[in-house]
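Here the structure comes first, spelled out in structure tokens, and everything after it is commentary.
The values are calculated or read from the model by the stated rules, or taken from the named source; none is laboratory data. Keep in mind it's a predicted model, so treat the numbers as computed, not measured. Using ideal geometry, Cβ is built from the backbone for each residue, glycine included, and neighbour counts are taken over all protein chains shown. The protein model used for the area step is the full one, side chains on, heavy atoms only, and it has no ligands, DNA or RNA in it. Shrake-Rupley method; radii C 1.70, N 1.55, O 1.52, S 1.80 Å.
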Amino acid sequence: MFESLQERLGEIFRKLRGRGKLTEDDVNAVLREVRMALLEADVNLNVVREFTKKVKEKAVGEAVWKSLTPGQLVIKYVRDELVNLMGGDEPRLEMSQDPPTVIMMVGLHGSGKTTSSAKLARYLKSKGRHPMLVAADLHRPAAITQLQVLGKQIDVPVFAMGAQEKPLSVARAGLKAAISQGNDVVIMDTAGRLHIDQELMDELKEVRDYVKPHEVLLVVDAMTGQDAVNIAEQFNTQIGVDGIVLSKLDGDARGGAALSVRFVTGKPIKFIGVGEKTDALEIFHPDRLVSRILGMGDVLGLIEKAEVELDKEKMEEMQKKLLTQTFTLEDFLDQLQQIKKMGPIENLLGMIPGFSGMPKQAKEFVADERELTKIEAIIQSMTPSERRNPAIINAGRKRRIARGSGTVPADVNRLLKQYDASKKMMKQLTGGKGKKRMPFNLPFPL
Amino acid sequence: MWLFKKEEHKEEKPAAEEKKKSPSWQFWKKDEPEKRPEPKPESAPSVPEDIVVAEIPEAETETAANETAIEETPAVVEEEPKLSFFEKLKKGLGKTRDKFIGNITDLLPGRTKLDEDFWDELEETLILSDVGGMTSAKIVDDMRDKSKRGRIKEPSEVLKVLRDNLAEIMDKGDTSLKIPEGELVIILVVGVNGTGKTTSIGKLAYRLKKEGRKVILAAGDTFRAAASEQLQIWGQRVGAEVIRHNEGADPAAVIFDAIKAARSRGADIVIADTAGRLHSKVNLMEELKKIRRIIGREVEGAPQEVLLVLDATTGQNALQQARVFKEAVDLTGIVITKMDGSAKGGILFAISDELKIPVKFVGLGEGIEDLETFDPKLFMDALIQVEEG
């Protein structure tokens, strides 16, 4: 997620590292690269202009700092400005004092409204609400069925009428049904429409005027290009948007659309979609997104996730082991199992600082969930003493382990090599060279 | 000039369609000047009532469950007014064109020489159309170079040179579908989530049916809820048999069954739908490779066409999508959808430039007829109008 942008920016900052002073030429050189990186990330050109202008004003004005390297200084300005752009604090969903709260999902075709509606319903349900989904997309064939199937999966009632109805009558009847059935949140899925299709935009206005939604959420595909600005602007001026749901963030799109949309509407991004399943919805954290874009990794996100899923004691124990370097394959296995509990591995990896800097092959290796299963099988085929002391694994043992895990000895070799490499890396990380100490400890080796 | 050529078409059209004034800048091939039939679902005589293959045990219940949805479809189709089709295009593409041209011609007034500012602005205009930083730089560098060597002297010549340059990039040869006679043709349709694969398949099936082909649709998207139903409704609309399994079934098995069904029914073409998948998901791309392998194993030389459906609103990521899908399943063409919006689809230049995959179809709306063949030359002429002479 965002790693391409991360890589780009990371490269630029690396170039600046180690120089003594930040000159105007330096700033210009960096900003040229930043500009191109942002454009390639699909941030709208006008937004990029505004952005680089502001950074330049600030950076050149205070060019020489003694406490920071030039690279760090630029990181600081770029980051500050990005944070500024993405908006300060964490966004919330507006809940009505007088239920039901009505949430209307709008957006282009294929942006992910129906899936996001179901995800949101599931999220609200987990927060103790009683949502109802209303199938007001009467345009796309089988959109109603899709919502019904999803509703069944997450056990949330779906209000639907025939596809020949008008959206307004469905909305009206849906709202009534929610009130009579005591649902405190109504999530209305609407048909995808082009922001320049006046007829359909008017239809949406009609529905909005009747149901008076507390939240109009615009669903924007994270892969959207320069046009994101026009889309957001049109929906915002015509319908009035309260927040953004950024979908398909689990892909490798650089996600510059997030910046653009935020910039033109001034409305917060409230949720991000990070997968096809109904639980793949996360609250958006602007500060984290910015850190992620900057290649600093989402340390916060990782820690938060880790806290929820990981046993605290185990983590402390692990940390001790890391520090004393008594980390065994048994611990490795333990961690693998913990990681698996935390969700799709690729989602997690994006949060790790420096991951975007890893060679492609290594990334592919780690990101492949099946590869992890293989590793698990190999370790499980070892005896406890082999796990504690891998040095004793000779050719014969390797053959046995491979047979037991359905792999070949080469796989076992590879794992052992990786284990050695991880151990070495940990030695460096925890070796305590004083100033270069990492501010955190990874709960698993890479 | 192309624009006038288009005007001629108008006269061939029946008077009844007077409002369907073909916009002079349209870039898709206008291959049917005759009156289009009402897009009511035509029932193919040879297609049996039960649209699910008999071998599938759940067939009966599945079909019954879908009956309600299917019944509603004629109404939907009829509600699409024929006139709004062209109006939509005009509005949508008009916007694209106005902005593109608008931006570029805005650069021209008051300029007497081609200085660095001019080239910078031209580059930014291209970037705003999603052409991408790298490709834009390449295009502009080339033009700047031409200008230095005296090939472009006046700012007014810029548009023409730009048009020719872009048209050259876009021209990747034959844009028609490969449909060899006498063999079973499999068209595999792939893409990320939400680009419009199923809709494009419906429209494509309609086109091919109109050409007199017998088409079978394979509901290979077994992942997304109700995706098979969606395809089935399209199948009803166009009168094409749909082979489907239950949700969660192996997509390769669905397509395998569709091929079998096509053979036994003597069909010409199988269009295989697949689940939307982000190209970055390794396991899902592996699944796609497997689907392709199985098609190749079952029918020699198949799939004859592997079409990537791209959303015109997508930015630079579309290039990566095309790259990865090409590597995985060897694309033969691109369908660019949602070109009736305000997105300009400039990423097509980058894709064409780097990957040499021809764009074959353009999606221009939700209606059954809103799919046109792509003509790169007309596309460029549509985007960049040049006053010649």
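Quick look at the numbers
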| read-out | value |
| --- | --- |
| Residue that is farthest from the other protein chains (Cβ to nearest Cβ), among those in the range B:225-238 that are of a type in the set (A, V, I, L, M, F, W, C) and closer than 19 Å to B:ARG265 by Cβ | B:VAL238 |
| Failed item, numbered, when A:SER111 is tested on (1) open to solvent by 20 Å² or more (accessible area, probe 1.4 Å); (2) of a type in the set (Ser, Thr, Tyr); (3) closer than 30 Å to A:THR52 by Cα | (1) |
| Residues within the range A:83-141 that are within 14 Å of chain B (Cβ to nearest Cβ) and assigned to a strand (DSSP E or B), tallied | 4 |
| Set B:GLY202, B:GLY194: member being of a type outside the set (D, E, K, R), in contact with a helix residue (DSSP H, G or I) (Cβ under 7 Å, 6 or more places away or on another chain) and within 14 Å of chain A (Cβ to nearest Cβ) | B:GLY202 |
| Checking A:VAL55 against (1) modelled with pLDDT of 80 or more; (2) away from every other protein chain (no Cβ under 13 Å); (3) part of a loop (DSSP other than H, G, I, E, B), the condition it does not meet | (3) |
| Near pairs, Cβ below 6 angstrom, 6+ apart or cross-chain, from the range B:263-277 (under 22 Å from B:ALA227 (Cβ atoms)) to any residue that is surrounded by fewer than 20 Cβ atoms within 10 Å (Cβ to Cβ) | B:ALA267/B:LYS214; B:ILE269/B:ARG213; B:ALA275/B:PHE223; B:ARG277/B:LEU284 |
| Residue match in the range B:217-224 (condition: more than 14 Å from chain A (Cβ to nearest Cβ) and touching a residue at least 60 places away in the same chain (Cβ under 8 Å)) | yes |
| Selection from the range A:387-412 of residues that are part of a helix (DSSP H, G or I) and under 19 Å from A:LEU372 (Cα atoms) | A:ARG387, A:PRO390, A:LYS398, A:ILE401, A:ALA402, A:ARG403, A:GLY404, A:SER405, A:PRO409, A:ALA410, A:ASP411, A:VAL412 |
| Residues within the range A:58-85 that are more than 16 Å from A:LEU259 (Cα to Cα), buried (at least 19 other Cβ atoms within 10 Å of the Cβ), at pLDDT 70 or above and not aliphatic (A, V, I, L, M), tallied | 1 |
| For A:ARG122: the one exception among (1) touching a helix residue (DSSP H, G or I) at 6+ places or on another chain (Cβ under 6 Å); (2) open to solvent by less than 50 Å² (accessible area, probe 1.4 Å) | (2) |
| In the range A:156-182, the residues that are away from chain B (no Cβ under 14 Å) and in contact (Cβ under 8 Å) with a residue 24 or more places away in the chain | A:PRO157, A:PHE159, A:LEU168, A:ALA171, A:ARG172, A:GLY174, A:LEU175, A:ALA177, A:ALA178, A:ILE179, A:GLN181, A:GLY182 |
| Qualifying residue in the range B:174-184 (condition: loosely packed, with under 15 Cβ neighbours inside 10 Å, away from every other protein chain (no Cβ under 14 Å) and under 28 Å from B:ALA343 (Cβ atoms)) | yes |
| Lone unmet requirement of (1) open to solvent by less than 80 Å² (accessible area, probe 1.4 Å); (2) at pLDDT below 75; (3) assigned to a loop (DSSP other than H, G, I, E, B) for A:LYS435 | (1) |
| Check on A:ARG32, in a helix (DSSP H, G or I), modelled with pLDDT of 80 or more and within 14 Å of chain B (Cβ to nearest Cβ) | no |
| Count of the range A:242-253 residues which are surrounded by fewer than 24 Cβ atoms within 10 Å (Cβ to Cβ) and either more than 13 Å from chain B (Cβ to nearest Cβ) or assigned to a helix (DSSP H, G or I) (or both) | 2 |
| Enumeration of residues in the range B:240-257 that are farther than 25 Å from A:THR278 by Cα and open to solvent by 10 Å² or more (accessible area, probe 1.4 Å) | B:ALA253, B:PHE256, B:ASP257 |
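Table: residues versus (1) over 30 Å from B:GLU286 (Cβ atoms); (2) modelled with pLDDT of 70 or more; (3) out of contact with any Gly (no Cβ under 8 Å at 6 or more places or on another chain).
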site: A:GLY354; (1), (2), (3): no, no, no
site: A:GLN361; (1), (2), (3): no, no, yes
site: A:ILE392; (1), (2), (3): yes, yes, yes
site: A:ALA395; (1), (2), (3): yes, yes, yes
site: A:ARG399; (1), (2), (3): no, yes, yes
site: A:VAL412; (1), (2), (3): no, yes, yes
site: A:LEU429; (1), (2), (3): yes, no, yes
site: A:PRO443; (1), (2), (3): no, no, yes
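Yes/no matrix, rows are residues, columns are (1) surrounded by fewer than 20 Cβ atoms within 10 Å (Cβ to Cβ); (2) more than 24 Å from A:VAL47 (Cβ to Cβ); (3) not assigned by TED's automatic domain parsing to the domain that holds A:LYS277:
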position: A:MET161; (1), (2), (3): yes, yes, no
position: A:LYS166; (1), (2), (3): yes, yes, no
position: A:ALA177; (1), (2), (3): yes, yes, no
position: A:VAL185; (1), (2), (3): no, yes, no
position: A:LYS205; (1), (2), (3): yes, yes, no
position: A:ARG208; (1), (2), (3): no, yes, no
position: A:GLU215; (1), (2), (3): no, yes, no
position: A:ALA232; (1), (2), (3): no, no, no
